[in-house]
Amino acid sequence: MSADIETIRGILVERKVIAVVGLSANWWRPSFFAAKYMQDHGYRIIPVNPNYDEVLGEVCYPSLEAIPKEIGVEVVDVFLKPEAATEVAKSAVGIGAKVLWLQIGVINDGAKLIAEQGGLAVVMDRCVKIEHGRLLGGLNLFGVTTKVISAKRPRWLVY
């Protein structure tokens with residue numbers, strides 16, 4: 001079971017520094033799309049992936065432990081296979097993060113337990129981008145806000 005709506009809303013309002021573990025530099029990957037959306041909405045994204053030097057204009061770190069303490073990571077957002085989340089949870093506790101966020105499909109009760117025992121709030125099997133759009137505005141048919149309200153279907157839609 002994941003966190004309730006009020007907990008998620010509180011996290012999204014209060015926590016603005018997100019380390020994205022497994023962030024890809026490829027624009028078509030879900031991790032990139034979600035991180036870019038969050039960055040565009042005022043969050044500081046700290047990429048964590050040993051395969052890159054930089055992603056989204058930020059220095060990319062090989063691990064959570066490599067992130068300088070002064071950055072103050074608040075949320076650790078995990079885009080890895082569920083079995084990798086256990087070690088990430090230990091690292092999140094170790095760096096003093098406040099939240100462990102496991103993306104859609106990343107379900108690991110052991111990681112959840114480790115994080116909770118370490119004092120972290122846990123959100124599991126939910127997308128940070130979708131939850132932001134759903135709870136704080138900005139979600140529509142395509143997952144972005146167009147600031148256009150109309151009952152007419154746009155002619156440019158292909159279906």
Review point. Where residues in segment 45-60 are under 11 Å from ALA19 (Cβ atoms) and not in a loop (DSSP other than H, G, I, E, B), which of them is farthest from the chain's Cα centre (by Cα)?
Key: GLU58
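How about segment 59-78: which of its residues are buried (at least 18 other Cβ atoms within 10 Å of the Cβ) and touching a Pro at 6+ places or on another chain (Cβ under 6 Å)?
CYS60
Working carefully through the options ALA19, ALA3, find the one that is in contact (Cβ under 8 Å) with a residue 60 or more places away in the chain and in a loop (DSSP other than H, G, I, E, B). Lay out the reasoning, then the answer.
Details: ALA19 fails: in a loop (DSSP other than H, G, I, E, B).
The match here is ALA3.
Considering only helices (runs of 4 or more DSSP H) fully contained in segment 70-154, which possess at least 3 residues that are within 14 Å of the chain's Cα centre (by Cα) and either modelled with pLDDT of 95 or more or not aliphatic (A, V, I, L, M) (or both)? Spell out the reasoning first.
Details: elements: 85-95, 109-117, 128-136.
Once the helices (runs of 4 or more DSSP H) in segment 70-154 are filtered for at least 3 residues that are within 14 Å of the chain's Cα centre (by Cα) and either modelled with pLDDT of 95 or more or not aliphatic (A, V, I, L, M) (or both), what remains is 85-95, 128-136.
Is it true that PRO47 is under 18 Å from ILE95 (Cβ atoms) and surrounded by fewer than 19 Cβ atoms within 10 Å (Cβ to Cβ)?
No; evaluated as a whole, the condition is false for this residue.
The values are calculated or read from the model by the stated rules, or taken from the named source; none is laboratory data. All figures in this text were calculated on a predicted structure; none of them were measured in a lab. All Cβ positions, even for glycine, are placed from backbone atoms using ideal geometry, and neighbour counts span all protein chains on display.
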